[in-house]
Amino acid sequence: MKQGESTRLIFKGIVQGVGFRPTIYRVAKRLQSHGYVLNKGSEVEVVIDTDPEVFIDELNKQLPSIAKIMDIKKTRCSLSFDSFEIRHSKEGDKESLIPVDTALCTACEQELFTKKNRRYHFSFINCTVCGARYSVIEDVPYDRERTTMKLFPLCKNCTKEYTDPLDRRYHAQTISCPRCGPQYHLYDADGVDISGDDPIKQFAELLNEGKIGVMKSWGGMHLCCTLDQIKRFRLWYKRPEKAFAIMVKDITAARRYAEISNSEEMLLRSEKRPIVLVKKKNAFGVSPGLDTIGIFLAYTGAHHLLFSYLRTDALIMTSANIPGEPMIIDNSTAFSLQAEAYLLHNRGIFQRIDDTVLKPWKNQYFYLRRSRGYVPDPLMVSYPQNILSVGAGENIHGALSTKKMLYLTQYIGNGAYYPTLLFLKQSLTHLMGLTMKKPTLDAIAMDLHPGYETRSVALEFSETYGSSLFEVQHHHAHAASLLLDCNEKDAVVLTLDGLGYGDDRTFWGGELLFTDIASYKRIAHLKPIPLIGGDKAAIEPRRVIYALLKDETPLDLINDTERSIFTQMMTRSPLSSSIGRILDALSFYLGICCTRTYDGEPAMKLERYLCRGKPTYHFEISRSDTVLDTTDLFQQLHEITRNLPRPLSEQQKADLSYSFVERIIDWFANQAITYADDQDISSIGVTGGVSYNLPIIDMLDTYIHRSNHRFLFHRRLPNGDGCIAAGQNIIVSRKL
């Protein structure tokens, strides 16, 4: 380069709070470059007087593990320098790619257990490449004064590390040590501080004794106990059947409890530390009726210390919340849980963020919950408008698009509860603050269902920002999110779930759509049946069985009084084509799950039988009809089972389940393939909560690949209603 000539590089991506500027500094020193680096809003500006291509190539070789460069802009400038320096942050355009919370790195974990290290047994140990990020960041640019660490000024030694460009904690905004950092305290059941010299060790001893505790982590709190306390824990928490995740000490411990493939091990050990659903080896009472168990590895310094004191290598670890409400993050509120011990720290949590849950399939995985470690990583979109979407009614994630990026919020929860709606509003408002210098909204999107409480959040944003409000049909949003996820323009899509409000005012859930982003066409569907008592039918699947079998319903399911009442109710009950309700009814009818204690339980427990079943029994259907009568299918099932000795064996249940479900999926696949062939459409996809059922996905995968069509499934967005906000967002972009 000519003397006095430099290059300005603008880096966009995940370039704050991940050791990016120190790496820039070290690369510049190595290449003897002169100039500077600084945070500018939510991008990083670098000026160098050496070859920019050589600089970028060297930077990519040394890029920190959680950094991500998404764009580089290069311009020439006439500036000269005598050295290279890191300058103070400046305000700039907000196009935030905030780093995610990541697990403790290997270097910090080693220091945690090195007696001569000044951070020995310091639970908040971290550096530029690990630790809490999104959960503590209040605003950008990402500097300490804009995080919940602002209340903990750096001591002399930490300041020295922070200001040394060659130290791995250089400009690490959340670092601290025992002298200047946050601290844990232990409280008893009455909220009395009983902390001694080592509160984490004390807490471990209480867990060893069988106590049920609350432990505050980075983005929220966990309820925890040892596995031998599972029965007592279920009674105390009033969760008789719900599956709980377990946190394990390390991968060796994980293998004691589950069969883990190489790809599953990579997920478990990644810096994102998700909960991974893996095939369990033993029952333990942790996930009754299921083949899988949710496992995740320790990811904070406090977790590692806790396991060093425990007499076990696994703990029940589930989100600490009052049933139906968001996870608790405030110390004072924690005591409302009425646990027996509380391990709480004094650092604030700005954004609560649940653990991410993944379900592996064929060396890939589906998001059941996209949260810690994965949020707020955006998806690239083609439109620049600022669009806010509030999602469905349950399993909510909100979404915000701006400057051709789409951000999903962390997992929010069930919109039927007012605190959850407040959490949704706060999370979306926070995303707006991080990504926009002056928040404005071009449009708001919400579900078509008039009863979804999330619509009130959409209305409030619309009134506040004077933005147009759009309704989006539930299953069109599902299908559009799949197109976005797979970068497709159109496809034939199976939308298989529980319930979604249809444009004919019935409740859909077993649909085949041809869709592009702007529009959709309903090609085929299950024949609607009455949901006796509306939402009550989801809680009591026997009501669905009565709607299917009527007078032939077994006497042990419906008594004479109920028959009379249900018959009258059927004429005024809402109609539904939901395959989710059919699977619930099948599970109930076969005695697989006779009492629903949590959302989706009957269909989830059916999956274990589908895995073991074979196509032993014949069910007659017409593959040419575009409406499948599940009433007829259930009557055939009833005829078959009447001729079988009672009680049914486990293998008979499995074979009946598989034979029944395979006929439905075969019909859907045939309808999809026929339409795709006739219209010369290359891709066939599936979305919706039912697509978490792996035997069903395996069936579809076989049928569709055999037909030489591309099989589309979710890779970056949740299959269930967690993808609805993304679908709403991209649909409204076309309306604008």
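The values are calculated or read from the model by the stated rules, or taken from the named source; none is laboratory data. In this text, all values refer to a predicted model and were calculated from it rather than measured experimentally. Because the Cβ atoms are built from the backbone with ideal geometry, glycine has one as well, and the counts that use them run over all protein chains shown.
When you scan region 186-197, how many residues do you find that are surrounded by fewer than 16 Cβ atoms within 10 Å (Cβ to Cβ), within 22 Å of Leu310 (Cβ to Cβ) and under 34 Å from the mean Cα position of the chain (by Cα)?
Here the count works out to 2.
In region 332-390, which strands (runs of 3 or more DSSP E) lie fully inside it and hold 1 or more residues that are over 18 Å from Ser427 (Cβ atoms), in contact (Cβ under 8 Å) with a residue 12 or more places away in the chain and touching a Leu at 6+ places or on another chain (Cβ under 8 Å)?
341-345, 357-361, 364-369
Considering only residues that are part of a loop (DSSP other than H, G, I, E, B), surrounded by 14 or more Cβ atoms within 10 Å (Cβ to Cβ) and hydrophobic (A, V, I, L, M, F, W, C), which ones fall in region 140-170?
Once the filter is applied, which keeps residues that are part of a loop (DSSP other than H, G, I, E, B), surrounded by 14 or more Cβ atoms within 10 Å (Cβ to Cβ) and hydrophobic (A, V, I, L, M, F, W, C), region 140-170 yields Val140, Phe152, Leu154, Cys155.
Does region 91-106 contain at least one residue that is more than 28 Å from Met436 (Cα to Cα), among the charged types (D, E, K, R) and either outside the structural domain of Gln351 (by TED's automatic domain parsing) or at pLDDT below 95 (or both)?
There is no residue in region 91-106 that is more than 28 Å from Met436 (Cα to Cα), among the charged types (D, E, K, R) and either outside the structural domain of Gln351 (by TED's automatic domain parsing) or at pLDDT below 95 (or both).
If we scan region 708-724, do we find a residue that is in a helix (DSSP H, G or I), farther than 30 Å from Leu549 by Cβ and hydrophobic (A, V, I, L, M, F, W, C)?
yes
What residue, among those in region 537-557 that are hydrophobic (A, V, I, L, M, F, W, C) and surrounded by fewer than 21 Cβ atoms within 10 Å (Cβ to Cβ), is farthest from His449 (Cα to Cα)?
Within region 537-557, the match that is farthest from His449 (Cα to Cα) is Leu555.
Does region 606-629 contain at least one residue that is out of contact with any Asp or Glu (no Cβ under 8 Å at 6 or more places or on another chain), at pLDDT 95 or above, among the β-branched types (Val, Ile, Thr) and part of a helix (DSSP H, G or I)?
There is no residue in region 606-629 that is out of contact with any Asp or Glu (no Cβ under 8 Å at 6 or more places or on another chain), at pLDDT 95 or above, among the β-branched types (Val, Ile, Thr) and part of a helix (DSSP H, G or I).
For region 147-162, name all the residues that are within 35 Å of the chain's Cα centre (by Cα), closer than 21 Å to Arg87 by Cα and β-branched (Val, Ile, Thr).
If the condition is that a residue be within 35 Å of the chain's Cα centre (by Cα), closer than 21 Å to Arg87 by Cα and β-branched (Val, Ile, Thr), then Thr147 is the only one that fits.
Out of region 668-683, which residues are in a helix (DSSP H, G or I), touching a residue at least 60 places away in the same chain (Cβ under 8 Å) and more than 30 Å from the chain's Cα centre (by Cα)?
Answer for region 668-683, where residues must be in a helix (DSSP H, G or I), touching a residue at least 60 places away in the same chain (Cβ under 8 Å) and more than 30 Å from the chain's Cα centre (by Cα): Gln671, Tyr675, Ala676, Gln679.
Can you spot a residue in region 243-252 that is under 23 Å from Thr595 (Cα atoms), among the basic types (Lys, Arg) and assigned to a loop (DSSP other than H, G, I, E, B)?
No, region 243-252 has no match at all.
Looking at the structure I just gave you, is Val286 crowded, with 19+ Cβ neighbours inside 10 Å and in a strand (DSSP E or B)?
So Val286 does not fit the description; no.
Given the options Asp698, Asp680, name the one that is farther than 29 Å from Ile387 by Cα, at pLDDT 95 or above, touching a strand residue (DSSP E or B) at 6+ places or on another chain (Cβ under 9 Å) and assigned by TED's automatic domain parsing to the domain that holds Pro615.
Asp698
Test Gln16 against the stated conditions and say whether it is out of contact with any Pro (no Cβ under 9 Å at 6 or more places or on another chain) and closer than 30 Å to Ser135 by Cβ.
So Gln16 does not fit the description; no.
Restricting to region 98-131, give me the number of residues that are of a type in the set (D, E, K, R) and either assigned to a helix (DSSP H, G or I) or under 23 Å from the mean Cα position of the chain (by Cα) (or both).
Qualifying residue count, region 98-131: 3.
Take the conditions outside the structural domain of Asp680 (by TED's automatic domain parsing), of a type in the set (S, T, N, Q) and farther than 27 Å from Met380 by Cβ and apply them to Thr506. Does it pass?
Taking the combined requirement at face value, the residue does not satisfy it.
In region 44-68, what residues are touching a Phe, Trp or Tyr at 6+ places or on another chain (Cβ under 6 Å) and either at pLDDT below 90 or closer than 30 Å to Tyr374 by Cβ (or both)?
Hits for region 44-68 are Val44, Ala67.
Sort out which residues of region 262-283 are assigned to a loop (DSSP other than H, G, I, E, B) and either out of contact with any Lys or Arg (no Cβ under 9 Å at 6 or more places or on another chain) or within 19 Å of Arg369 (Cα to Cα) (or both), and write them in order of number.
Ser270, Glu271, Lys272, Arg273, Pro274, Ala283
Search region 487-540 for residues being assigned to a strand (DSSP E or B) and acidic (Asp, Glu), and hand back the single one that is farthest from Ile673 (Cα to Cα).
Looking at residues that are assigned to a strand (DSSP E or B) and acidic (Asp, Glu), I get Asp497.
Quick check: anything in region 8-20 crowded, with 19+ Cβ neighbours inside 10 Å, at negative phi and free of Cβ contacts under 8 Å to residues at least 40 places away in the same chain?
no
Return yes when Gly219 is part of a loop (DSSP other than H, G, I, E, B) and in contact with a helix residue (DSSP H, G or I) (Cβ under 7 Å, 6 or more places away or on another chain) and no when it is not.
So Gly219 does not fit the description; no.
Grab the strands (runs of 3 or more DSSP E) fully contained in region 397-471, keeping just those with 3 or more residues being at pLDDT below 95.
Counting at least 3 such residues, we get no strands (runs of 3 or more DSSP E) at all.
Can you name the condition, by its number, that Asn39 falls short on among (1) among the polar types (S, T, N, Q); (2) part of a loop (DSSP other than H, G, I, E, B); (3) touching a residue at least 40 places away in the same chain (Cβ under 8 Å)?
With respect to (1) among the polar types (S, T, N, Q); (2) part of a loop (DSSP other than H, G, I, E, B); (3) touching a residue at least 40 places away in the same chain (Cβ under 8 Å), Asn39 is out only on (2).
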